[in-house]
Amino acid sequence: MNLRREKIIETAGRSSRFRLLLLLALCLVFLPIVAEARTRNDRDQSRRASAEPILRVKLGGLHKKLTVRFPEGGQVLKGSRRIKTLRRNEKFDWAVSANGKKKRRVAHNGETLLLQGAKAIVELNGKLYRGVLQISFSANGALIVNHVGIEDYLRGVVGSEIGSRSPAESIKAQTVIARTYAYASRGKHKAEGADVCDSTHCQVYSGVSAERDTIDPAVAGTRGIVMISDGEPIATLYHATCGGMTSDNDKVYGGAPRGYLRRVQCPFCGAGINYRWSRSIGIEKLKSALRQEKISFNRLWGVSIESPGHLDRVTNLVLNTDRGVVKVKGTTIRRLFDLPSTTFVLADRKLPAKTVVAARPAAPVIPVTRPARLVSELQTRNEHLPQQMLVMTAAGLKRAQKPEGGWRVMTLAASPEAPFPDEGNSAVQLPAMQRRGPLGGIELFGRGYGHQVGLCQSGAIELGKREWSYRQILAHYYSNVALRSLDY
Ligand SMILES: [Zn+2]
Ligand SMILES: [Zn+2]
């Protein structure tokens, strides 16, 4: 027995000596590799100074009913304590019942739970999200906040902001815009314990379902890059189609002018939706819409617009009615009649659109060989604004030169006995359009789609096709901004 034990001990001793030698040999071979890996890791650590910011995204409003599923399994935490483990595909249901109490005994009102899926994937009401869901239950419903890394958030955002089939550099430009917006909007929904919401109020975020093969490389290729002006992330305004030139932020929204939101020429969006548009508004439709604004009249004798320049944003539509002169804001007209933009002129409905509007018919095609050449060309280029236009007068078509101070007001006066309110300011009048009776409606011709401040998406897509880089595209639409790479 003793002998046997000794033998065993001896064998064990021999075996541990052998293991020690083997370990030594392995160390000699692998130590340099491990050391090298560690240095590389340290270098990565110092380059990536901080962790990727986590964004808290409020999903919808107060949910009366919810189903959470974990495709890969997961757990439910209360504080840091795990209260439930869910198997693969297991569901977590919750609903507010009619009397305001929960139906299932899963959570109590006033509780906040964290739902953490394996592989950081969790499904809420049939939609997959990355990151973690925080659910705060109350008698009114459940408030859901998705805690997600900012880069994963962008993968679920950019596709809703720009078509995923757009050129790669145009998508990258849109990604930098979305990241800058998200970064600058942290805490915007502070009262609800979130940074941003998932609707158009902030940026439309649809989680995994919005991810695309063409969007992911744009997010990865611009990782951490935001636009900065005076050390702050900029207000990244953009719109669908500017229609030839963008607008200064203060001209559209009032307030202080921002140095980076200046008007720029955009001869690139001619193929964009609503580059030019027209709209007829019959007198009855006009009257009933304006009644909503507490404006009423029986007869419209004349109409004019107040605008900083020809085919520029309309400040006011001025109506000369049987009940006096009424001014309606351009933004109100846009809202009431669902106009693509507030940038339009008036024209007689009998006048062909191009007679009035086509002073500069379409975006000129600038031949480009290299993007760099185009940048310098643009900087030295003269204004693209129309310098003259065709005007219908009693003596036929006349060419009118651009008046000093720009094109201001176009009139569509009704009858001679109805004095036109802004006659003194009228730069261009159309005497041939005068009528004897009241107007039967108004005809609008406009340019652009959206508020026209900041980046023009149709233009950015065209520039991507012309092989501009995303940096060049952003630099064209946002004046004097710098790109900064956040370290993570
Ligand atoms: Zn929001
Ligand atoms: Zn444009």
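The values are calculated or read from the model by the stated rules, or taken from the named source; none is laboratory data. Please read these numbers as outputs of a predicted model, since none were measured by experiment. Backbone-built Cβ (ideal geometry, glycine too); neighbour counts: all protein chains shown.
Tell me whether the stretch 166-173 contains one or more residues that are in contact with a strand residue (DSSP E or B) (Cβ under 8 Å, 6 or more places away or on another chain) and closer than 21 Å to Ala460 by Cβ. Please lay out each step first, then the result.
Step one: filter the stretch 166-173 for residues in contact with a strand residue (DSSP E or B) (Cβ under 8 Å, 6 or more places away or on another chain), giving 173.
Retained after the next criterion (residues that are closer than 21 Å to Ala460 by Cβ): 173.
So far as the stretch 166-173 goes, yes, one or more of its residues are in contact with a strand residue (DSSP E or B) (Cβ under 8 Å, 6 or more places away or on another chain) and closer than 21 Å to Ala460 by Cβ.
When Ser166 is tested against (1) assigned to a loop (DSSP other than H, G, I, E, B); (2) within 13 Å of the chain's Cα centre (by Cα), only condition (2) is not met. Being assigned to a strand (DSSP E or B), more than 16 Å from ligand 1 (Cβ to nearest atom), in contact (Cβ under 8 Å) with a residue 24 or more places away in the chain and not assigned by TED's automatic domain parsing to the domain that holds Gly330, is that true of even one residue in the stretch 285-308? Looking for residues that are assigned to a strand (DSSP E or B), more than 16 Å from ligand 1 (Cβ to nearest atom), in contact (Cβ under 8 Å) with a residue 24 or more places away in the chain and not assigned by TED's automatic domain parsing to the domain that holds Gly330, one finds none in the stretch 285-308, hence no. Here the condition is being more than 16 Å from ligand 1 (Cβ to nearest atom), modelled with pLDDT under 95 and surrounded by 14 or more Cβ atoms within 10 Å (Cβ to Cβ); of Phe344, Phe268, it holds for Phe344 alone.
Please find, within the stretch 134-157, the residue that is nearest to Leu55 (Cα to Cα) out of those that are part of a helix (DSSP H, G or I) and touching a helix residue (DSSP H, G or I) at 6+ places or on another chain (Cβ under 8 Å).
As a first pass, look at the stretch 134-157 and keep what is part of a helix (DSSP H, G or I): 150-155.
Those still in the list that are touching a helix residue (DSSP H, G or I) at 6+ places or on another chain (Cβ under 8 Å) too: 150-151, 153-155.
Values: Ile150: 6, Glu151: 9, Tyr153: 8, Leu154: 10, Arg155: 13 Å.
The qualifying residue nearest to Leu55 (Cα to Cα) is Ile150.
On the given criteria, is His239 more than 16 Å from Tyr470 (Cβ to Cβ) and outside the structural domain of Asn480 (by TED's automatic domain parsing)? So His239 fails the test. Considering only residues of the stretch 176-204 that are part of a helix (DSSP H, G or I), touching a helix residue (DSSP H, G or I) at 6+ places or on another chain (Cβ under 8 Å) and free of Cβ contacts under 8 Å to residues at least 60 places away in the same chain, which is nearest to ligand 2 (Cβ to nearest atom)? If we take residues in the stretch 176-204 being part of a helix (DSSP H, G or I), touching a helix residue (DSSP H, G or I) at 6+ places or on another chain (Cβ under 8 Å) and free of Cβ contacts under 8 Å to residues at least 60 places away in the same chain, then Ala178 is nearest to ligand 2 (Cβ to nearest atom).
Restricted to the stretch 234-260, and to residues that are outside any helix (DSSP H, G or I) and β-branched (Val, Ile, Thr), which residue is farthest from ligand 2 (Cβ to nearest atom)? Don't jump to the end; show me each part of the working.
If we filter the stretch 234-260 for residues that are outside any helix (DSSP H, G or I), which is where we start, we get 234-248, 254-260.
Next, only the ones that are β-branched (Val, Ile, Thr) stay: 234, 236, 241, 246.
On the way: Ile234: 19, Thr236: 16, Thr241: 6, Thr246: 7 Å.
If we take residues in the stretch 234-260 being outside any helix (DSSP H, G or I) and β-branched (Val, Ile, Thr), then Ile234 is farthest from ligand 2 (Cβ to nearest atom).
Report whether or not Gly207 is closer than 20 Å to Val122 by Cβ, in contact with a strand residue (DSSP E or B) (Cβ under 7 Å, 6 or more places away or on another chain) and either away from ligand 2 (no atom under 16 Å from the Cβ) or modelled with pLDDT of 95 or more (or both). I'd like the intermediate steps shown before the answer.
Numbers: closer than 20 Å to Val122 by Cβ: yes; in contact with a strand residue (DSSP E or B) (Cβ under 7 Å, 6 or more places away or on another chain): yes; either away from ligand 2 (no atom under 16 Å from the Cβ) or modelled with pLDDT of 95 or more (or both): yes.
In short, yes.
Checking every residue in the stretch 315-325 against the condition of being out of contact with any strand residue (DSSP E or B) (no Cβ under 6 Å at 6 or more places or on another chain) and surrounded by 15 or more Cβ atoms within 10 Å (Cβ to Cβ) gives at least one match. If you filter the stretch 170-218 down to residues that are crowded, with 20+ Cβ neighbours inside 10 Å and of a type in the set (Lys, Arg), you find that the one that is farthest from ligand 1 (Cβ to nearest atom) is Lys172.
Note on the stretch 261-300: residues that are away from ligand 2 (no atom under 16 Å from the Cβ) and either aromatic (Phe, Trp, Tyr) or under 20 Å from the mean Cα position of the chain (by Cα) (or both) amount to 1.
Scanning the stretch 465-481 for residues that are surrounded by fewer than 24 Cβ atoms within 10 Å (Cβ to Cβ) and more than 18 Å from Met245 (Cα to Cα) yields Lys465, Arg466, Glu467, Ser469, Arg471, Val481. The criterion of being of a type in the set (A, V, I, L, M, F, W, C) and free of Cβ contacts under 8 Å to residues at least 24 places away in the same chain holds for Ile333. Check whether at least one residue in the stretch 133-142 is free of Cβ contacts under 8 Å to residues at least 24 places away in the same chain and out of contact with any Leu (no Cβ under 7 Å at 6 or more places or on another chain), and report yes or no. Among the residues of the stretch 133-142, not one is free of Cβ contacts under 8 Å to residues at least 24 places away in the same chain and out of contact with any Leu (no Cβ under 7 Å at 6 or more places or on another chain), which makes the answer no.
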